[in-house]
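Here's the structure, in structure tokens; my notes come after.
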Amino acid sequence: MDKNREKNLQLPLNITSKDIGYDVITRSNVNYNTCYHCRCCASGCPFVHAMDYAPHGIIRLLQLRLYEQALKSSTIWLCVGCNTCSSVCPMSIDMSAIMDALRQIALEQNIKVAQPSTLKFHTEVLNSIQRYGRTHKLEIMLRYKVKTMDFFSDMDVGIKMLTKRKLDLMPSKINDMEAIKKIFKPEE
Amino acid sequence: MDKKLIEISYFPGCSLATSAKENNISLIKFCRSIGYELIELEDWNCCGSSSAHSIDSKTAFGLASRNLSLALPDRPLLAACPSCLLRLQQTHLHLSNNSDLQNDYKKMWGKQFNKDLKIIHFFEMLSNINLPAFIDNVEIDNKNGKSKTPLKKLPLENISFVPYYGCMLARPPEMNKMPNYHGLIEKILSSLGAKSYLWSYSSRCCGTFLSASRPDIVTPIVNGIMGQALESGADCIVTACAMCHLNLEIRCSIKNPIPTLHFSEILSLAMGIKDYKGWFKRHIVDPLPMLKSKGII
Ligand code: SF4
Ligand code: SF4
């Protein structure tokens with residue numbers, strides 16, 4: 001995406017431009033080889049207990065060129081990009097950018113997604129934006145329910161949100177939908 | 001007050017426009033009470049939320065950049081939602097540092113990228129304001145501009161709170177030298193008489209979208225936050241993020257949680273803005289009984 005990025009980065013010695021690691025670095029603009037596994041990120045991450053690899057574990061996999069394991073991990077789908085880790089990392093590693101890159105590479109390579117429910121949710125949000133230019137929460141929730149075939153869990157929360165008018169029935173649509181089309185299908 | 005209001009472009013974002021309308025309305029009213037008129041960015045679109053940058057960086061960039069292209073050149077752009085703010089600021093930063101992206105931007109939106117556009121958070125606006133000066137019952141010492149002995153009592157006396165920032169103050173490394181407003185909620189509300197309590201969860205992420213896809217992970221986290229808040233003995237939690245507010249309300253399974261107020265709501269109460277009933281009706285945990293018992297309303 002960004003041609004200047006490549007120049008500014010010192011590539012780790014063990015990878016070539018054909019490596020997935022190279023792709024991760026150019027997309028995220030982060031040289032993950034500077035991570036020395038102090039684990040500050042892992043101790044701050046609120047979701048580490050639910051992940052199969054701790055955040056720095058993903059970096060270790062990348063350093064060892066075990067890319068497939070990283071791409072198949074649940075970690076990349078459970079990271080919410082809250083930046084709690086990056087703000088304490090002594091090497092200023094942008095973990096959230098690494099996770100974004102890995103997720104997108106995993107999708108492009110049709111790797112089995114470890115947390116399909118999260119992907120379904122993200123897809124529904126993007127579909128909603130593509131339709132209206134904004135998110136329509138009620139529709140996102142309903143479509144997400146259909147996709148996950150999970151109709152009955154969380155009914156109480158849905159009803160609470162409806163009665164508190166937190167879910168608008170009608171979507172709010174922007175005027176210039178042409179612009180949104182352009183964003184989703186940029187001309188080559 | 002019939003002083004002319006200073007106009008600022010305003011990006012409400014999807015949460016404030018829908019599920020957190022109370023946050024939106026109280027923010028607009030509060031800003032008016034301190035001399036600012038928030039003018040909604042015309043035909044704004046969703047910033048992309050967490051989902052766009054998670055699975056499609058190009059789309060995330062396009063969505064944020066269109067909003068930037070809508071901003072008027074002569075005034076700052078205020079984003080109320082911390083997550084929208086981050087998306088807008090980061091996209092602006094990437095554009096500023098990259099002429100190729102600026103060319104794409106020009107092709108797409110038919111105008112030059114405005115490097116000088118200031119994108120600010122509500123906090124930035126508050127950080128230089130002496131709020132007690134806007135409240136009628138406080139006598140102001142004109143010499144140093146500081147508030148002198150209050151004539152009556154300060155508006156938020158008797159109420160105690162724990163500040164909840166969630167992840168809003170954490171930023172990616174490329175942005176971590178930008179001003180950080182940690183402690184601002186405490187500073188401002190204390191100046192209005194409220195008492196802030198210390199706790200260790202003020203910067204704990206609320207779980208954001210995992211609340212939809214993995215409530216089993218988020219509920220224990222939210223309960224941990226609420227449990228600590230209860231233990232602190234505070235009357236309420238004050239948050240500046242609509243997403244945090246929603247998750248604390250819908251994902252808490254602890255009995256008798258304390259209410260969570262939007263920062264803009266409690267500020268509006270302090271300024272004597274009266275139409276709070278409609279806002280609090282939209283809360284799942286009703287703050288009215290607590291506010292009444294403390295004599296705030
Ligand atoms: S905090 Fe930074 S340096 Fe430490 S383990 Fe995590 S990514 Fe590596
Ligand atoms: S950005 Fe991701 S890895 Fe880092 S603390 Fe947040 S959830 Fe954990």
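With only Lys, Arg, Asp and Glu charged, each at its Cβ (+1 for the first two, -1 for the last two), find how big the charge dipole of the protein assembly as shown is about the Cα centre; round to the nearest 20 debye.
With only Lys, Arg, Asp and Glu charged at Cβ, the dipole is about 360 debye.
Determine the distance separating the Cα centre of segment B:228-287 from the Cα centre of segment A:98-125; give it in Å without decimals.
34 Å
Using only helices, what value at 222 nm comes out for chain B when you add -39,500 (n - 2.57) per DSSP H run of length 4 or more and divide by the total residues, to the nearest 500 deg cm²/dmol?
Dividing the helical sum by the residues of chain B leaves -12500 deg cm²/dmol.
Report the label-to-label distance for B:ASN176 and B:ASN223 in nanometres (one decimal), using points 7 Å from each Cα along the Cα→Cβ vector.
Simple spin-label model gives 3.3 nm for this pair.
Bin all alpha-carbon pair distances of the protein assembly as shown at 20 Å intervals from 0 and give each bin's fraction as a whole percent.
P(r) for the protein assembly as shown, in whole percents per bin: 23, 57, 19, 1.
How large is the Kirkwood hydrodynamic radius of chain B, in angstrom, based on all distinct alpha carbon pairs?
Mean inverse Cα-Cα distance, inverted, gives 20.2 Å.
Apply the a/c threshold of 1.5 to the C-alpha gyration tensor of segment B:6-123 and tell me whether it is rounded, prolate or oblate.
The shape class here is oblate.
Antiparallel versus total DSSP beta bridges in chain B: what percent is that, nearest 5?
10 percent
List the relative contact order of chain A as a percent without decimals, with contacts defined as Cα pairs under 8 Å and 6+ residues apart.
Worked out over chain A, it gives 16 percent.
Roughly what angle does helix B:215-232 make with the longest principal axis of chain B, taking Cα atoms, 0 to 90 degrees, to the nearest 10?
Around 40 degrees separate the two axes.
Any idea what diffusion coefficient segment A:37-95 gets from Stokes-Einstein, in µm²/s, Kirkwood Rh on alpha carbon pairs, 10 °C, 1.306 mPa s?
The calculation lands on 140 µm²/s.
Send over the Kirkwood Rh of segment B:153-293, from the inverse of the averaged 1/r over different Cα pairs, rounded to one decimal Å.
Evaluated over segment B:153-293, this radius sits at 15.6 Å.
Grab the alpha carbons of chain A, take their convex hull, and tell me the volume per residue in Å³.
Hull volume over Cα atoms, normalised by residue count, gives 158 Å³.
Using modelled amide H (1.01 Å from N, peptide plane; none on Pro or chain starts), what sits under 5 Å from the amide H of B:VAL238, excluding residues fewer than 5 places away?
Those lying under 5 Å, H to H, from B:VAL238 are B:VAL162, B:TYR164, B:LEU261.
Give me the distance in nm between label points sitting 7 Å out from Cα along the Cα-to-Cβ direction at B:ASN128 and B:LYS195, one decimal.
3.4 nm
So if we plug the beta-carbon distance of A:PHE184 and B:LYS274 into 1/(1 + (r/R0)^6) with R0 = 30 Å, what FRET efficiency do we get, rounded to 0.05?
Once rounded, the FRET efficiency stands at 0.10.
Are there cysteines in chain B with no other Cys C-beta under 4.7 Å, and if so, which?
B:CYS14, B:CYS31, B:CYS46, B:CYS236, B:CYS252
Which residue fluctuates the most in chain A, going by a Gaussian network model with Cα springs under 10 Å, if the choices are A:TYR32, A:TYR132, A:TYR22?
Highest fluctuation among the options: A:TYR132.
Describe numerically, in nm with one decimal, the distance between label points set 7 Å from Cα along Cα→Cβ at B:SER253 and at A:LEU162.
Between B:SER253 and A:LEU162, the label points sit 2.2 nm apart.
Which far-off residues, 5 or more places away or on another chain, put their amide H under 5 Å from the one on B:LYS195, with H placed in the peptide plane?
B:ILE159, B:SER160, B:PHE161
Gap in Å between the Cα centre of segment B:91-127 and the Cα centre of segment A:142-179?
32 Å
Hey, in the GNM for chain A with a 10 angstrom Cα cutoff, which one of A:ALA101, A:ALA114, A:ALA50 fluctuates hardest?
A:ALA50
Report, ordered by chain and residue number, the lysines lying within cross-link reach of A:LYS137, taken as a straight Cα distance under 20 Å and ignoring same-chain residues fewer than 8 apart.
A:LYS120, A:LYS145, A:LYS147, A:LYS160, A:LYS164, A:LYS166, A:LYS173, B:LYS21, B:LYS281
Rounded if a/c is under 1.5, else prolate if a/b is larger than b/c, else oblate: which is segment A:3-108, with a ≥ b ≥ c the root eigenvalues of its Cα gyration tensor?
Prolate is the answer for segment A:3-108, as a/c is 1.5 or above and a/b outweighs b/c.
Quick one: check the C-alpha center-to-center distance for segment B:211-226 versus segment B:1-50, whole angstrom.
Spelled out, the Cα-based centre of one part sits 29 Å from the other.
For chain B, give the magnitude of the charge dipole about the Cα centre (Cβ charges: +1 Lys/Arg, -1 Asp/Glu; no others), in debye to the nearest 20.
Charge dipole, chain B, about its Cα centre: 240 debye, nearest 20.
In 5 Å bins starting at 0, how do the alpha-carbon pair distances of segment A:83-188 split up by percent?
Bin by bin from 0 Å, the calculated values are 2, 10, 13, 15, 17, 16, 15, 8, 3, 0.
Only the coordinates and a few stated rules stand behind these numbers; no lab work does. The structure presented is a predicted model; accordingly, all values stated were derived computationally and were not measured. Glycine gets a Cβ as well: all are built from the backbone with ideal geometry, and neighbour counts include every protein chain shown.
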